[in-house]
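Participant: Submitted below is the structure of interest, expressed as C-alpha coordinates.
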Amino acid sequence: MVKPASQVWIDFFVPRNDPLFVQDVLQSFGFIGALWASALRATRSVTGQGPIAIAPAVKAEPSVWSRLLCFGALGASEVTLGGRKVVGMSQRRDRSGAWFHSMALLELNASELAGLLTDADLRERAAEWLTSFAAAVPGGKAVGADLAAAVVAQLP
(Lines give C-alpha, C1' and ligand atoms only; values in the text may rest on other atoms or scores of the structure.)
Protein backbone atom coordinates (compact mmCIF):
# COMPACT_ATOMS: atom_id res chain seq x y z
CA MET A 1 0.00 0.00 0.00
CA VAL A 2 1.48 3.30 -1.05
CA LYS A 3 1.05 6.03 1.56
CA PRO A 4 2.79 9.40 1.85
CA ALA A 5 6.15 9.18 3.63
CA SER A 6 5.72 5.45 4.34
CA GLN A 7 8.31 4.37 1.79
CA VAL A 8 11.47 5.67 0.15
CA TRP A 9 11.29 5.09 -3.60
CA ILE A 10 14.35 5.40 -5.81
CA ASP A 11 14.29 4.55 -9.50
CA PHE A 12 17.37 3.99 -11.63
CA PHE A 13 17.69 3.91 -15.40
CA VAL A 14 20.71 2.13 -16.84
CA PRO A 15 21.24 2.50 -20.62
CA ARG A 16 22.41 -0.59 -22.49
CA ASN A 17 25.75 1.05 -23.25
CA ASP A 18 26.46 1.86 -19.58
CA PRO A 19 29.08 -0.21 -17.69
CA LEU A 20 26.43 -0.90 -15.01
CA PHE A 21 24.16 -2.61 -17.53
CA VAL A 22 24.20 -6.37 -17.00
CA GLN A 23 22.52 -8.63 -19.54
CA ASP A 24 21.52 -11.24 -16.93
CA VAL A 25 18.25 -9.99 -15.46
CA LEU A 26 18.84 -11.44 -11.98
CA GLN A 27 22.48 -10.34 -11.72
CA SER A 28 21.58 -6.82 -12.87
CA PHE A 29 19.96 -6.01 -9.50
CA GLY A 30 23.28 -6.47 -7.71
CA PHE A 31 24.55 -2.89 -7.72
CA ILE A 32 21.21 -1.57 -6.43
CA GLY A 33 21.09 -4.05 -3.56
CA ALA A 34 24.66 -3.06 -2.67
CA LEU A 35 23.74 0.66 -2.68
CA TRP A 36 20.77 0.10 -0.36
CA ALA A 37 22.71 -2.20 1.99
CA SER A 38 25.53 0.32 2.30
CA ALA A 39 23.07 3.16 2.92
CA LEU A 40 21.33 1.14 5.64
CA ARG A 41 24.67 0.44 7.32
CA ALA A 42 25.27 4.20 7.41
CA THR A 43 21.87 4.87 9.02
CA ARG A 44 22.21 5.29 12.79
CA SER A 45 18.77 3.87 13.63
CA VAL A 46 19.75 0.56 11.99
CA THR A 47 22.88 0.03 14.09
CA GLY A 48 22.43 -3.01 16.32
CA GLN A 49 19.17 -4.10 14.66
CA GLY A 50 20.65 -7.26 13.14
CA PRO A 51 22.67 -8.17 10.09
CA ILE A 52 22.05 -6.44 6.78
CA ALA A 53 22.09 -8.95 3.94
CA ILE A 54 21.63 -8.95 0.18
CA ALA A 55 19.62 -11.86 -1.21
CA PRO A 56 21.35 -14.12 -3.72
CA ALA A 57 20.76 -13.30 -7.39
CA VAL A 58 18.91 -16.52 -8.13
CA LYS A 59 15.44 -17.26 -9.43
CA ALA A 60 13.05 -17.74 -6.53
CA GLU A 61 10.16 -20.16 -6.71
CA PRO A 62 6.84 -18.31 -6.61
CA SER A 63 4.71 -18.79 -3.51
CA VAL A 64 1.17 -17.89 -2.60
CA TRP A 65 2.53 -14.75 -0.93
CA SER A 66 4.77 -13.65 -3.80
CA ARG A 67 1.77 -13.75 -6.10
CA LEU A 68 -0.51 -11.78 -3.77
CA LEU A 69 1.57 -9.34 -1.73
CA CYS A 70 4.14 -6.72 -2.45
CA PHE A 71 6.97 -7.60 -0.05
CA GLY A 72 5.57 -11.15 0.18
CA ALA A 73 8.77 -12.79 -1.07
CA LEU A 74 12.48 -12.13 -1.41
CA GLY A 75 13.86 -11.49 -4.89
CA ALA A 76 17.33 -11.19 -6.36
CA SER A 77 19.56 -8.72 -4.46
CA GLU A 78 16.73 -7.46 -2.26
CA VAL A 79 17.86 -6.37 1.19
CA THR A 80 17.03 -7.78 4.60
CA LEU A 81 17.67 -6.45 8.07
CA GLY A 82 17.76 -9.01 10.86
CA GLY A 83 16.37 -11.57 8.42
CA ARG A 84 13.33 -9.49 7.42
CA LYS A 85 12.87 -7.80 4.05
CA VAL A 86 13.23 -4.00 4.14
CA VAL A 87 14.07 -3.18 0.49
CA GLY A 88 12.27 -4.51 -2.56
CA MET A 89 13.03 -4.09 -6.25
CA SER A 90 11.55 -4.62 -9.68
CA GLN A 91 12.82 -4.06 -13.21
CA ARG A 92 11.52 -3.20 -16.65
CA ARG A 93 13.62 -3.52 -19.80
CA ASP A 94 13.41 -2.42 -23.39
CA ARG A 95 15.88 -1.84 -26.22
CA SER A 96 17.22 1.33 -24.61
CA GLY A 97 18.12 -0.21 -21.22
CA ALA A 98 16.79 -1.25 -17.83
CA TRP A 99 14.61 0.76 -15.46
CA PHE A 100 14.84 -0.35 -11.84
CA HIS A 101 12.29 0.52 -9.18
CA SER A 102 13.42 0.16 -5.59
CA MET A 103 11.67 0.85 -2.33
CA ALA A 104 12.49 0.73 1.38
CA LEU A 105 9.67 0.42 3.88
CA LEU A 106 9.53 3.18 6.48
CA GLU A 107 6.22 1.99 7.89
CA LEU A 108 4.53 -1.41 7.71
CA ASN A 109 0.95 -1.99 8.75
CA ALA A 110 0.57 -5.65 7.79
CA SER A 111 -3.11 -5.86 8.73
CA GLU A 112 -3.98 -2.83 6.64
CA LEU A 113 -2.12 -4.17 3.61
CA ALA A 114 -3.54 -7.68 3.97
CA GLY A 115 -6.99 -6.13 4.41
CA LEU A 116 -6.89 -5.18 0.72
CA LEU A 117 -7.10 -8.86 -0.28
CA THR A 118 -10.55 -9.92 -1.45
CA ASP A 119 -10.24 -13.41 0.02
CA ALA A 120 -11.25 -13.09 3.67
CA ASP A 121 -9.67 -16.45 4.54
CA LEU A 122 -6.26 -15.23 3.39
CA ARG A 123 -6.28 -11.84 5.14
CA GLU A 124 -5.26 -13.00 8.61
CA ARG A 125 -2.65 -15.43 7.30
CA ALA A 126 -1.26 -12.76 4.97
CA ALA A 127 -0.95 -10.25 7.82
CA GLU A 128 0.85 -12.84 9.95
CA TRP A 129 3.21 -13.65 7.07
CA LEU A 130 4.05 -10.01 6.40
CA THR A 131 4.65 -9.35 10.09
CA SER A 132 7.14 -12.22 10.26
CA PHE A 133 8.73 -11.69 6.85
CA ALA A 134 9.03 -7.93 6.25
CA ALA A 135 9.88 -4.94 8.40
CA ALA A 136 10.10 -1.19 8.28
CA VAL A 137 13.49 0.47 8.52
CA PRO A 138 14.07 1.36 12.19
CA GLY A 139 13.49 5.07 12.71
CA GLY A 140 10.74 5.04 10.10
CA LYS A 141 9.70 8.34 8.58
CA ALA A 142 12.34 10.23 10.55
CA VAL A 143 15.15 8.54 8.60
CA GLY A 144 13.58 8.51 5.13
CA ALA A 145 15.32 11.57 3.70
CA ASP A 146 18.70 10.58 5.17
CA LEU A 147 18.37 7.05 3.79
CA ALA A 148 17.53 8.32 0.31
CA ALA A 149 20.44 10.75 0.41
CA ALA A 150 22.80 7.96 1.50
CA VAL A 151 21.76 5.82 -1.51
CA VAL A 152 22.10 8.67 -4.00
CA ALA A 153 25.45 9.80 -2.55
CA GLN A 154 27.00 6.46 -3.53
CA LEU A 155 26.06 6.56 -7.19
CA PRO A 156 29.04 6.32 -9.54
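Participant: Viscosity 1.002 mPa s, temperature 20 °C: Stokes-Einstein D of region 87-156 from its Kirkwood Cα radius, in µm² per second?
Facilitator: D, rounded to a whole number, is 148 µm²/s.
Participant: Dimensions of region 1-103 along principal axes (Cα, Å, largest first)?
Facilitator: In descending order, the Cα extents are 41, 34, 29 Å.
Participant: Let me ask another. Treat every Asp and Glu Cβ in the chain as -1 and every Lys and Arg Cβ as +1, leave all other atoms uncharged, and give the resulting dipole magnitude about the Cα centre to the nearest 20 debye.
Facilitator: 240 debye
Participant: At 222 nm, what helix-only mean residue ellipticity would the chain give, in deg cm²/dmol to the nearest 500, using -39500 (n - 2.57) for each DSSP H run of four or more?
Facilitator: Estimated from H runs of four or more residues: -8500 deg cm²/dmol.
Participant: A follow-up question, please. Under the 0.36 nm per residue contour assumption, what length would be gained going from the current alpha-carbon distance of K141 and W9 to full extension?
Facilitator: Gain on stretching K141 to W9: 46.2 nm.
Participant: I'm a student and want to see the number: the projected area of the Cα convex hull of region 1-40, averaged over all directions, in nm².
Facilitator: 4.0 nm²
Participant: For the chain, which whole-number percentage of the solvent-accessible area (1.4 Å probe, protein heavy atoms only) is attributable to carbon and sulfur atoms?
Facilitator: Looking at the chain in its full context, I get 56 percent from C and S.
Participant: Where only protein heavy atoms count, and the probe is 1.4 Å, what is the accessible area per residue for the chain in Å²?
Facilitator: Result: 54 Å² of accessible area for each residue.
Participant: Moving on. Give the cross-link partners of K59 among the lysines, using a straight C-alpha distance below 22 Å as the criterion and excluding same-chain residues fewer than 8 apart.
Facilitator: Output for K59: K85.
Participant: May I ask which residue of T131, G97, S77 lies farthest towards the positive end of the charge dipole of the chain, with charges of +1 (Lys, Arg) and -1 (Asp, Glu) on Cβ and the Cα centre as origin?
Facilitator: G97
Participant: So, one more: For region 1-66 and region 114-141, what is the separation of their C-alpha centers, rounded to whole Å?
Facilitator: Centre-to-centre distance over Cα atoms comes out at 20 Å.
Participant: Efficiency by 1/(1 + (r/R0)^6): what FRET value for V22 and E124, r their Cβ-Cβ distance, R0 = 41 Å, to the nearest 0.05?
Facilitator: Computed FRET efficiency for V22 and E124: 0.55.
Participant: Sequence gap at least 6, Cα distance under 8 Å: using those rules, report the relative contact order of region 60-138 to the nearest whole percent.
Facilitator: Relative CO of region 60-138 lands at 30 percent.
Participant: So if I place +1 on the C-beta of Lys and Arg and -1 on the C-beta of Asp and Glu, and nothing else carries charge, what would the dipole magnitude of region 36-96 be about its Cα centre? I want it in debye, nearest 20.
Facilitator: Here the size comes out at about 120 debye.
Participant: So for the chain, averaging the separation of alpha carbon pairs under 8 Å that are six or more residues apart and normalising by length, what relative contact order in percent results?
Facilitator: 31 percent
The values are calculated or read from the model by the stated rules, or taken from the named source; none is laboratory data. Computed from a predicted model, the values in this text were never measured in an experiment. Cβ atoms come from the backbone with ideal geometry, glycine included; neighbour counts cover every protein chain shown. Heads up: the accessible areas ignore ligands, DNA and RNA and are worked out on the full protein's heavy atoms, side chains in. Shrake-Rupley method; radii C 1.70, N 1.55, O 1.52, S 1.80 Å.
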